[in-house]
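Below you'll find the structure, written out as structure tokens, and then a few comments.
The values are calculated or read from the model by the stated rules, or taken from the named source; none is laboratory data. As the structure is a computational prediction, the values presented were derived from the model and not from experiment. Every residue, glycine as well, gets a Cβ built from its backbone with ideal geometry; the counts of neighbours run over all protein chains shown. Note: accessible area is taken over every heavy atom of the protein model, side chains too, but ligands, DNA and RNA are not part of it. Shrake-Rupley method; radii C 1.70, N 1.55, O 1.52, S 1.80 Å.
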Amino acid sequence: MIIYEDYTGKIIDAIDDKIRVMNYVAHGAVAKLVNLGVSDEFVYGSMLPDFAGMARTKLIRPILNNEIENGVKFHYATDYAFDRNDKFRLIKAKFFEIHNKYLPRGAARACADPGSEILLDGFALDIPGAADLFDRVMVKAAGHSVKNDSLTINHVALNELNQKMAEYGAPIAYRDVEFAAISLYRRLSDRPRLSFSEDLIDRVAETFVLQQKVIGKVAASLIRETVSDLSGFRS
């Protein structure tokens, strides 16, 4: 367990084996909305914990690059703000109940929690400039303007992920519920307590249709409230 200080000065826990959410586009967009003057390295840092989880590696803390380190701190502050938002908590709780009717408890939790985060990223791409920001930052990261060997334990895996992210660009496919379900299935495949079987992908996608509609109704206000909550962020 690693302890971080959030933007309010409170101490929060970041437990290494928790479900790693994957709303990296929203993280980057929120970082820019809170402070238009932040550097691309700060924005990259605001997405980096999600990338480390996706690359199956861990961050090396503290990161020597101050801009990236401060971005990482902002990431956890953003997680804290999202997690305490009543709208988002209610959505996750409701869809846990729905998914839990046909999935094991761990998989239902994953579909309700990171599943909602993935679907939120689809709407985060509607923020003006969010997709272009993501593409620019990832091209820089893939071009080694960031020294990956000082960021994570397995810098090779992170570098490979950076290259893929730069090649694929902003994940507009997250707007497709079937793609979102397949993406979640693949990312959880090596986590037995959270994974679900391949034959249930279509069922998860069907539930994601309603989940996406509900999230879409609150996405803009959720992001606005998160930006407001983070206005007092200090690194």
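Couple of notes before you dig in:
- Residue list for segment 105-129, filter: open to solvent by 50 Å² or more (accessible area, probe 1.4 Å) and in contact with a Phe, Trp or Tyr (Cβ under 7 Å, 6 or more places away or on another chain): 109
- Scope segment 195-234; condition open to solvent by 40 Å² or more (accessible area, probe 1.4 Å), under 20 Å from the mean Cα position of the chain (by Cα) and of a type in the set (Ser, Thr, Tyr); matching residues: 228, 231
- Criterion: outside any helix (DSSP H, G or I), touching a Phe, Trp or Tyr at 6+ places or on another chain (Cβ under 9 Å) and of a type outside the set (Phe, Trp, Tyr) - qualifying residue of 72, 25, 38, 43: 38
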